[in-house]
Amino acid sequence: MDHAMHHHTGAAPGATWSMAIRATLHCLLGCAVGEILGMAIGTALLWGNVPTMVLAIGLAFVFGYSFTLFAVVRAGVSPKAAVKVALAADTVSIAVMELVDNAIIALTPGAMDAQLSEGLFWYALLGGFAVAFLVTTPVNKWMIGRGKGHAVVHAHHAHH
């Protein structure tokens, strides 16, 4: 194996903004589905804020990972390898996203106490996701540029 051939100076050729945005949207969609589901379940069961948020974040990770898993398995990677790829690609994205999103919900006055039927809850959630998206996209772009994160996913796409 000649590693000199594979060594790029500067950014990897694949780290485009559109790729970073796609990767982030994939993750965001999974997070949003999981989080809204978690909030809905927690609210339906009349749980307090903390258990509801824990459930929502847990489901956000589950859905965030599974969206990537489907994409990678579809690209012809074995499920076992796909789990590793999803963990590598999405842990940072989801963690950053959930941190930002939940911080914004926590910092929005009244949002934690707002019900799913109230506009404030959705404004805080969507506003949080919007900011999380803006924060996570450059993180993903940087990770792809360094051959980490979603670059791993795209490397698999290229070889199949």
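Step by step: first the residues of the range 22-55, then only those that are among the β-branched types (Val, Ile, Thr) and surrounded by 16 or more Cβ atoms within 10 Å (Cβ to Cβ), then the one that is nearest to the chain's Cα centre (by Cα). Which residue is that?
So the first thing to find is which residues in the range 22-55 are among the β-branched types (Val, Ile, Thr), and the list is 24, 33, 36, 41, 43, 50, 52, 54.
Going one step further and asking which of them are surrounded by 16 or more Cβ atoms within 10 Å (Cβ to Cβ), we end up with 24, 33, 36, 52.
Details: 24: 6, 33: 11, 36: 14, 52: 19 Å.
Looking at residues that are among the β-branched types (Val, Ile, Thr) and surrounded by 16 or more Cβ atoms within 10 Å (Cβ to Cβ), I get 24.
Quick one: would you say residue 58 is surrounded by fewer than 21 Cβ atoms within 10 Å (Cβ to Cβ) and not hydrophobic (A, V, I, L, M, F, W, C)?
When the stated conditions are applied, residue 58 passes them.
Of the residues that sit in the range 69-99 and are of a type in the set (S, T, N, Q) and within 9 Å of the chain's Cα centre (by Cα), which one is nearest to residue 138 (Cα to Cα)? Working first, answer last.
First, the residues of the range 69-99 that are of a type in the set (S, T, N, Q): 78, 91, 93.
Okay, now just the ones that are also within 9 Å of the chain's Cα centre (by Cα), so 91, 93.
Values: 91: 15, 93: 10 Å.
Across the range 69-99, the extreme among qualifying residues is 93.
Give just the number: which of (1) closer than 18 Å to residue 122 by Cβ; (2) modelled with pLDDT under 85; (3) crowded, with 22+ Cβ neighbours inside 10 Å does residue 102 not satisfy?
(3)
For the range 63-84, what are the residues that are in contact with a helix residue (DSSP H, G or I) (Cβ under 6 Å, 6 or more places away or on another chain), of a type in the set (A, V, I, L, M, F, W, C) and part of a helix (DSSP H, G or I)?
Scanning the range 63-84 gives 63, 67, 69, 72, 73, 82.
Pairs, please: C-beta under 7 Å, at least 6 apart or cross-chain, first residue within 15 Å of residue 106 (Cβ to Cβ) and in the range 42-55, second assigned to a loop (DSSP other than H, G, I, E, B) and open to solvent by 50 Å² or more (accessible area, probe 1.4 Å)?
If the second residue must be assigned to a loop (DSSP other than H, G, I, E, B) and open to solvent by 50 Å² or more (accessible area, probe 1.4 Å), the pairs left are 49/112.
The values are calculated or read from the model by the stated rules, or taken from the named source; none is laboratory data. The structure displayed is predicted, hence computed values, not measured ones. Ideal geometry is used to build each Cβ from the backbone, glycine not excepted, and the neighbour counts take in all protein chains shown. The area values use the complete protein model at the heavy-atom level, side chains included, leaving out ligands, DNA and RNA. Shrake-Rupley method; radii C 1.70, N 1.55, O 1.52, S 1.80 Å.
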